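Read the structure below first, then the notes.
The values are calculated or read from the model by the stated rules, or taken from the named source; none is laboratory data. Please read these numbers as outputs of a predicted model, since none were measured by experiment. Cβ atoms come from the backbone with ideal geometry, glycine included; neighbour counts cover every protein chain shown.
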Amino acid sequence: MWCYRGGSISAEPRINDRIRVPEVRLVGPSGEQVGIVPLAKALELAQEYDLDLVEVAATARPPVCKLMDYGKFKYESAMKAREARKNQAHTVIKEMKLRPKIDPHDYDTKKGHVVRFLKQGDKVKITIMFRGREQSRPELGYRLLQRLAEDVQDLGFIESNPKQDGRNMIMVLGPHKKKTEAMAEARQAQEARKAEAKANPGRSQNAADSDAVNAEESEGSEGSEDSVESKEPESAEASAEA
């Protein structure tokens, strides 16, 4: 009586002496069609070429096998999969919160964050928070959202028009640049900085000192209402309270 013992099923193709069929349709190392040959003959050719006999189409009749360096094939496949994951773009929505009567300096700071998000290829959810009697003046929030959209129109567009949501008014900006394009440009810029740092070590140290100062200033503002928080999972939102 047959009994399933819960063993795992291998997803890897059968190779060499693991292939148990009388004959195979053989494909040569360069992709040339050799034809249907006995399994023993296919294994003999694999030894002559110092390659592996790999079953590439097990459901075909007879199965299709190819002569290849299986170790090299697995390595190249793993590298391609890694590169694909590296270039994979996740949809991220950042959020920026403003007050209807925001100070000009604070507005410029918030706009700078929005510009940075759009350049990175991320969407930005803009939220105007009304408090107290401000709720009776929704036109203030609408004008502020329109102003922000016009200021960043070179980088993004209005994906979702302003709409009232309880005490808040919400608008979503979408980037003109795709996430994959932004990631590619960021990598190119990083490589350019590395090349410049290698060519000009002294200048690189000055840039690093400047970055350290900027980082300290950024950390000093984390506890304030102007701080921006971001989350990386798909559909996550990064909030920055005005």
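If I ask for residues that are without any contact (Cβ under 8 Å) to a residue 24 or more places away in the chain, within 35 Å of the chain's Cα centre (by Cα) and over 14 Å from Lys110 (Cβ atoms), which ones from the range 121-160 would you list? Give the steps one after another, and end with the answer.
Taking the range 121-160 as the starting set, the residues that turn out to be without any contact (Cβ under 8 Å) to a residue 24 or more places away in the chain are 132-133, 136, 139, 143, 146-147, 150, 153-154, 157-158, 160.
Going one step further and asking which of them are within 35 Å of the chain's Cα centre (by Cα), we end up with 143, 146-147, 150, 153-154, 157-158, 160.
Those that are without any contact (Cβ under 8 Å) to a residue 24 or more places away in the chain, within 35 Å of the chain's Cα centre (by Cα) and over 14 Å from Lys110 (Cβ atoms): Arg143, Gln146, Glu150, Gln153, Asp154, Phe157, Ile158, Ser160.
Restrict the check to the range 223-232 and report whether at least one residue is surrounded by 10 or more Cβ atoms within 10 Å (Cβ to Cβ), closer than 28 Å to His105 by Cα and either at pLDDT 90 or above or of a type in the set (Phe, Trp, Tyr) (or both).
No, that holds for no residue.
Quick one: in the range 14-46, of everything that is assigned to a helix (DSSP H, G or I) and under 14 Å from Val64 (Cβ atoms), which residue is nearest to the chain's Cα centre (by Cα)?
Ranking the qualifying residues of the range 14-46, first place goes to Ala42.
What number goes with the only condition from (1) closer than 18 Å to Leu118 by Cα; (2) charged (D, E, K, R); (3) at pLDDT 85 or above; (4) in a helix (DSSP H, G or I) that Glu139 does not pass?
All conditions are met except number (1).
Can you confirm whether Lys178 is closer than 23 Å to Phe117 by Cβ, at pLDDT 85 or above, basic (Lys, Arg) and loosely packed, with under 14 Cβ neighbours inside 10 Å?
Numbers: closer than 23 Å to Phe117 by Cβ: yes; at pLDDT 85 or above: no; basic (Lys, Arg): yes; loosely packed, with under 14 Cβ neighbours inside 10 Å: yes.
Here the answer is no, as Lys178 does not meet what is asked.
Based on what the data block shows, is Lys198 assigned to a helix (DSSP H, G or I), modelled with pLDDT of 70 or more, over 26 Å from the mean Cα position of the chain (by Cα) and not β-branched (Val, Ile, Thr)?
Values: assigned to a helix (DSSP H, G or I): yes; modelled with pLDDT of 70 or more: yes; over 26 Å from the mean Cα position of the chain (by Cα): yes; not β-branched (Val, Ile, Thr): yes.
Yes.
Could you say which residue among Lys66, Lys41, Lys80 is basic (Lys, Arg) and at pLDDT below 90? If you could, list the steps in order and put the result at the bottom.
On the way: Lys66 fails: at pLDDT below 90; Lys41 fails: at pLDDT below 90.
Among Lys66, Lys41, Lys80, only Lys80 is basic (Lys, Arg) and at pLDDT below 90.
Of the conditions (1) in contact with a Pro (Cβ under 7 Å, 6 or more places away or on another chain); (2) in a loop (DSSP other than H, G, I, E, B), Gln153 clears all except one; give me its number.
(1)
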